[in-house]
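K.L.:
Just dropping this structure here.
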């Protein structure tokens, strides 16, 4: 597949998924319903905590503006909220692709990030990591294409840094990585005489902003280290195997990397394309694996679980992009490894791009399959709400059966109920609680919103 065609196909797919995800209001999954309900109830931003506020501000602002303007249709507000949640990472990945489109190997790296990081973790789109990871990929794309010393690109990098400054704890290690890459790019630009004082100042400011994101993240880690929620998060770090959409491409890419390092000339042959082709076929088949084993199913909550491992994959991809561009000549560390030499061969880059594009197309299959199941769940849940009055006991409902178990989260039932009501007095789904187990991460998220004047139309 020619790079120009691959670029257009990936961009079209990326934004088509944004439209689909917005249309089916996927932003209401899990915490998203509570976030939206609290935004409408209190008329202001709802951020998990201040250290993630910048992402919440930019993704919640359109919905709050519509509510302020008098819009009371919760279906429309849910669509707009979902569109904003998905459009931000899509736009950032679009920037990354646009910057690297003249280098097939770099474009393959961004396509891999979409297939192995974004799509396998984005059903939980309310998670701020989706925007943070995309911003890091976009920033690295700007740096490795020579933008660290130019004025316009300096402004862009500063904007990315400001967004990441209060985004997600992964910036604890991603922030210094991007900052180091910017300083390397600035040094390179100075040697080539491709910058001036203003361009240098902007690059230094961008690097400082990314470094500060690490300090903000460190503050969050220290402050919440012993919080029950974060204890559970740390304990689940290596449970990413529960996410088939993540673990299948992850294992395939790991095999590709190891074999390519050991046998670099393998990249000149069809082996990598065949390997990724097999991985793509298996990934595309995941919606039907449940027929062979009931537990081998797509599981949206696992998107949330795999986010930490996905951050490690972002680090690996970003470093690979940096080495691909930066290690071209012999220096104090010697000449570049043979694998990097092979990756710079145009025909190798084109084959990898074609394989990565196929992997991305395959990754979209389970993503769309989950969207279809989500539509059924939302219709079912809304039927419960509109068909009853008063409290509806979730304990009497098949919420632990497939496919409801894919999307149910007991402490968000009241918020989702309030959002999908079409008239006052309709049902509110609640789970019997002992007030000790499985509490919401924030008390306000476990309450029943009033949402007076709002209705699903």
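K.L.:
Say each of residue 208 and residue 379 gets a label point 7 Å from the Cα, pointing the same way as Cα to Cβ; how far apart are those two points in nm?
P.N.:
5.6 nm
K.L.:
For a footprinting-style exposure proxy, rank 239, 31, 103, 379 by other Cβ within 10 Å, fewest first.
P.N.:
In order of increasing Cβ crowding within 10 Å: 379, 239, 103, 31.
K.L.:
Could I ask something else about it? Which FRET efficiency value, to the nearest 0.05, is calculated for residue 269 and residue 61 with the Förster distance at 56 angstrom and r the Cβ-Cβ distance?
P.N.:
Values: r = 50 Å, r/R0 = 0.89.
Efficiency at R0 = 56 Å is approximately 0.65.
K.L.:
Roughly how many whole Å is it from the C-alpha centroid of segment 80-152 to that of segment 208-285?
P.N.:
16 Å
K.L.:
For a bin width of 10 Å, list the pair-distance distribution of the chain built from all Cα-Cα distances, rounded to whole %.
P.N.:
It works out to 4, 20, 29, 26, 14, 6, 1, 0, in whole percents.
K.L.:
So how tilted is helix 151-165 from the main axis of the chain? Cα-based, degrees 0 to 90, rounded to 10.
P.N.:
For helix 151-165, the angle is close to 40 degrees.
K.L.:
By how many degrees, between 0 and 90 and to the nearest 10, does the Cα long axis of helix 197-224 differ from the longest principal axis of the chain?
P.N.:
40 degrees
K.L.:
Continuing with this model, one more query. What's the extension gain from residue 68 to residue 254 if we count 0.36 nm per residue and subtract their Cα-Cα distance?
P.N.:
62.1 nm
K.L.:
Here is a follow-up. Nearest 0.05, what FRET efficiency do residue 433 and residue 401 give at R0 = 22 Å with Cβ-Cβ as r? Walk me through the intermediate numbers first.
P.N.:
On the way: r = 21 Å, r/R0 = 0.94.
In this case the efficiency is close to 0.60.
K.L.:
Roughly what angle does helix 171-191 make with the longest principal axis of the chain, taking Cα atoms, 0 to 90 degrees, to the nearest 10?
P.N.:
30 degrees
K.L.:
Using 0.36 nm per residue, how much length does the chain from residue 319 to residue 230 gain when fully extended, once their Cα-Cα distance is taken away?
P.N.:
Gain on stretching residue 319 to residue 230: 29.3 nm.
Since every read-out is calculated from the coordinates, none of them should be taken as a lab result. Here the structure is a predicted model, which means the values were calculated and not measured. FYI the Cβ positions are ideal-geometry reconstructions off the backbone, even for glycines, and counts take in every protein chain you see.
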